[in-house]
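The values are calculated or read from the model by the stated rules, or taken from the named source; none is laboratory data. All values reported here derive from a predicted model rather than from experimental measurement. With ideal geometry, Cβ positions are generated from the backbone for all residues, glycine too; neighbour counts draw on all protein chains shown. The protein model used for the area step is the full one, side chains on, heavy atoms only, and it has no ligands, DNA or RNA in it. Shrake-Rupley method; radii C 1.70, N 1.55, O 1.52, S 1.80 Å.
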2 protein chains.
Amino acid sequence: MRSIYIAVTFFCIGIMASAQTSSSDDSLNIRKIYDMSLLNGKSYEWLDHLSNDIGSRLSGSYGAEQAVKYTKAELEKLGLDKVWLQPVMVPKWTRGEREFAYVQTGPGETRNINITALGGSIATPAGGIKAGVLEVEGIEQLKEYGRENIEGKIVFFNRPMQADLIQTFEAYGGCVDQRYSGAREAANYGAVGVIVRSMNLRLDDFPHTGSMSYGDLPEDKRIPAAAVSTNDAEYLSSILKIQNDLELYYKMNCEQHEDVESYNVIGEITGSEYPGEIMVVGGHLDSWDLGDGSHDDGAGVVQSLEVLRLIKEIGYQPKRTIRVVLFINEENGLRGGNKYAEVARSNSENHVFALESDAGGFTPRGFGITATDAQFKKILSWKNLFKPYLIHYFEKGGGGADINPLKGGDMVLAGLRPDSQRYFDYHHAANDTFDKVNKRELELGAATMTSLMYLVDKYGLDNISKTNTELAD
Amino acid sequence: MRSIYIAVTFFCIGIMASAQTSSSDDSLNIRKIYDMSLLNGKSYEWLDHLSNDIGSRLSGSYGAEQAVKYTKAELEKLGLDKVWLQPVMVPKWTRGEREFAYVQTGPGETRNINITALGGSIATPAGGIKAGVLEVEGIEQLKEYGRENIEGKIVFFNRPMQADLIQTFEAYGGCVDQRYSGAREAANYGAVGVIVRSMNLRLDDFPHTGSMSYGDLPEDKRIPAAAVSTNDAEYLSSILKIQNDLELYYKMNCEQHEDVESYNVIGEITGSEYPGEIMVVGGHLDSWDLGDGSHDDGAGVVQSLEVLRLIKEIGYQPKRTIRVVLFINEENGLRGGNKYAEVARSNSENHVFALESDAGGFTPRGFGITATDAQFKKILSWKNLFKPYLIHYFEKGGGGADINPLKGGDMVLAGLRPDSQRYFDYHHAANDTFDKVNKRELELGAATMTSLMYLVDKYGLDNISKTNTELAD
């Protein structure tokens, strides 16, 4: 596109939009928030450090420890009213030496296969496992095949993400049971191992890890579970059609250790009028160990830090307490989210609102919101304030894994909804790295979150009004 | 994000959305369009060929010639009613040997600078140019400095794109005069050359080319014009502050040749009821010569081809004539767009609607629309049909450089509006390459365009109704 014509048209639209939004304090404050995020934002610089200087941050790792220290130190620089660490015992799982897999395509002929251990899996025996492969389209097919076809085999779960679903998280929801429960289910039919097609809508060579669980399966029944790249899943599927007795070898060296102590990192601006009403904004500090966790969830972490920084920068004094919580261990235990909610309850804290960013640092489209009809309607009444920033999506339903344990009463949960098309290209894989995050997209997300926190604080939601009335009584 | 919880929530929303959209034929047809684009689309495969097998396609180049042949052949495979080439004389400008530039930072000390000739620029003399540098913030500053400060100098236009504008095309509109007219203006004050900060919101090492014009400047007054990468623009600006007499050397080998014959590539499905009412969908076939033009405008080309393919695939027989036009020479002359409109007029063709995709292959957000209030209202009445696909943006104003010459009467012009945050990271630069296009984002754009074409054909717009009434009389 060369076109000066079009550029000029856009320019005029821009002027009109600015004119419209200058009609109230809220418009001006939100404009300030976006300007500061885009012109003098800190989120990208923070992410650079978190991703490139610290790197991956799996619970219990040195990276996670460094991330706790770094974000606490950065929070302390923001001049908040309070910064603290909340101790949490977290699981410690290590990958060990890199996984290795191949298929025997003929006598003396092998082809390597890109796999990665699923988080929580046991290792293979030291010499690896070699066995025939049974491809299935999902857990429900295990019953059809039955023990006679499964025993002694490696089960290959190959149901792909559905490309025709517009929200990629839906497609994820339609597959992730294979990863989470596939090993447990297949073990019950006598399988010796499972490999699972990566939850990735693209064809490439990156295997995507993620959490799995053996449920109540006794230790001696557990079998090793790995993810296989989408390209290799396609390859395996096609070769199995012509070579039914194909054998797959794989070796994994992962290990589950004793729980170790880690921390949620917390900072707050204490509310000037209703300090007992707490609004949380957060993301999770831990990441998988393969990439550097820039989208999942480095982005959410730095955006959450930025919310508090921007609120102070625009000179807004919140009436309610605004707390940033960087949760530990979302990926393989959710211990941070559970601990935070447990402490909040035991301290009888009154949480009125929580917002999480854990869907990548892509262009923000809006929010998913869990609220009563009245509360949702109130949030919808602010929709026009977001229009100049191309934030259009306000839909019921949503929150975030870390804030969900806070749910109860009429508190409102919200999740930032960025564009989801590219999220699963990187999710839990070695290519979830800093270079995949666009600075502007990240900053727009931070500003969008800040604007919602500002409006919720200023106008309250029904829960808040009710609580206030009760307090006034 | 691990959370099965959230995935399930999204899944439920998805089911509700599907239920809503299954209430009418239009919803079903639009669902079919998206499904086919995402599950069995051709756009990505076409773009792969256009970008990776053909590559850059500057007007008059071998690549442009190949692109004409390839897209015509592909159109012929679609079983359209008519496919043809429309001859257009286009300018031919060649870059020649790669540009070279450095600054003299001390005796015997130089540092290379990343530059690229602007399209249409003359070459430097064979030995290059070496001169002092005057940094300005825009054309308007030339008057302030006056001939006494400019004569004999290289003028360095360094006004950056404004990062606080949400629509990046606005930021482009605020800078592009430096690139387009900077050389002409500076030459009038006696400058010997110009370099212009690349129209890029990111700091990196890629210089971004683009068209420039000398206007009516006599040939002997013309001065060579280049773009400089944003990183080097920052560097130059900082070193000029401490080394005011800094000299820049640059050498460019570009050349303007005689016009050559090229073609607009056109195909149509003839309307079953109103064959004389023509609806155009298109993008431009030419690209700059640095990358492979995947976003600008390979994406628009393949999406436009896909519109006609999808309309046939869903078994819809358009009432009106739907024509795909792949315009040549948008980048440096607009000869294709002008020729198409000229021929349409001389044949008294009745164009009722035109849609262009020329803003990159990113996630589609909606449309910019030039229409009367009544027409716009009619289009807005379809907004809910697009909601399941997260298409929310329907704003007045817009079209496309190639279709703008068709404007007149009450015909409606529309431009696809993809997410614009990353567009100028790649625009007119060597990194506008195939790997920067996400398959799903491209396919969603094609489906979004097809859906609008389908609705306009089925329900018409005010112009169409009027014409029909006239015809009926």
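If you check A:Gly276 against the conditions, is it touching a Ser or Thr at 6+ places or on another chain (Cβ under 6 Å) and modelled with pLDDT of 95 or more? No: the conditions fail for A:Gly276.
Restricting segment A:408-417 to residues that are more than 10 Å from every other protein chain (Cβ to nearest Cβ) and surrounded by 19 or more Cβ atoms within 10 Å (Cβ to Cβ), the residue that is nearest to the chain's Cα centre (by Cα) is A:Leu416.
In the set A:Gly276, A:Gly267, A:Gly283, only one residue is surrounded by fewer than 23 Cβ atoms within 10 Å (Cβ to Cβ) and part of a strand (DSSP E or B); that residue is A:Gly276. Selection of segment A:136-158 for residues being surrounded by fewer than 18 Cβ atoms within 10 Å (Cβ to Cβ) and closer than 25 Å to A:Ala429 by Cα yields A:Glu137, A:Gly138. Condition test on B:Thr105, is it of a type outside the set (Asp, Glu) and not assigned by TED's automatic domain parsing to the domain that holds B:Thr321? The answer is yes for B:Thr105. Once segment A:29-65 is narrowed to residues that are of a type in the set (Lys, Arg) and in a helix (DSSP H, G or I), the residue that is most open to solvent (accessible area, probe 1.4 Å) is A:Lys32. Starting from residues that are touching a helix residue (DSSP H, G or I) at 6+ places or on another chain (Cβ under 9 Å), part of a strand (DSSP E or B) and among the β-branched types (Val, Ile, Thr), keep the ones in segment B:66-105 and report whichever is farthest from B:Ala117 (Cα to Cα). Out of the qualifying residues, it is B:Val83.
The sole residue among A:Gly120, A:Gly182 that is at positive phi and surrounded by 20 or more Cβ atoms within 10 Å (Cβ to Cβ) is A:Gly120.
Across segment A:421-443, not a single residue is classified as open to solvent by 20 Å² or more (accessible area, probe 1.4 Å), more than 16 Å from the chain's Cα centre (by Cα), at pLDDT below 95 and not assigned by TED's automatic domain parsing to the domain that holds A:Gln162.
Which ones in segment A:350-366 are of a type in the set (D, E, K, R) and closer than 8 Å to A:Pro418 by Cβ? If the condition is that a residue be of a type in the set (D, E, K, R) and closer than 8 Å to A:Pro418 by Cβ, then A:Arg365 is the only one that fits.
Please verify whether segment A:241-253 includes one or more residues that are open to solvent by less than 40 Å² (accessible area, probe 1.4 Å) and β-branched (Val, Ile, Thr). Looking through segment A:241-253, none of the residues is open to solvent by less than 40 Å² (accessible area, probe 1.4 Å) and β-branched (Val, Ile, Thr). Pairs under 9 Å by beta carbon, first residue within 11 Å of another protein chain (Cβ to nearest Cβ) and of a type in the set (Asp, Glu) in segment A:152-168, partner outside any strand (DSSP E or B) and open to solvent by 20 Å² or more (accessible area, probe 1.4 Å), six or more apart or different chains? Short answer, once both residue conditions are applied: A:Asp164/B:Arg31; A:Asp164/B:Asp35; A:Asp164/B:Met36; A:Asp164/B:Leu39. Taking segment B:302-407 as the region of interest, the helices (runs of 4 or more DSSP H) fully inside it that hold 3 or more residues being more than 14 Å from chain A (Cβ to nearest Cβ) and either surrounded by fewer than 20 Cβ atoms within 10 Å (Cβ to Cβ) or over 25 Å from the mean Cα position of the chain (by Cα) (or both) are B:335-346, B:373-380. Screening B:Asp289 with (1) assigned to a strand (DSSP E or B); (2) under 28 Å from B:His427 (Cβ atoms) gives one miss only, at (1).
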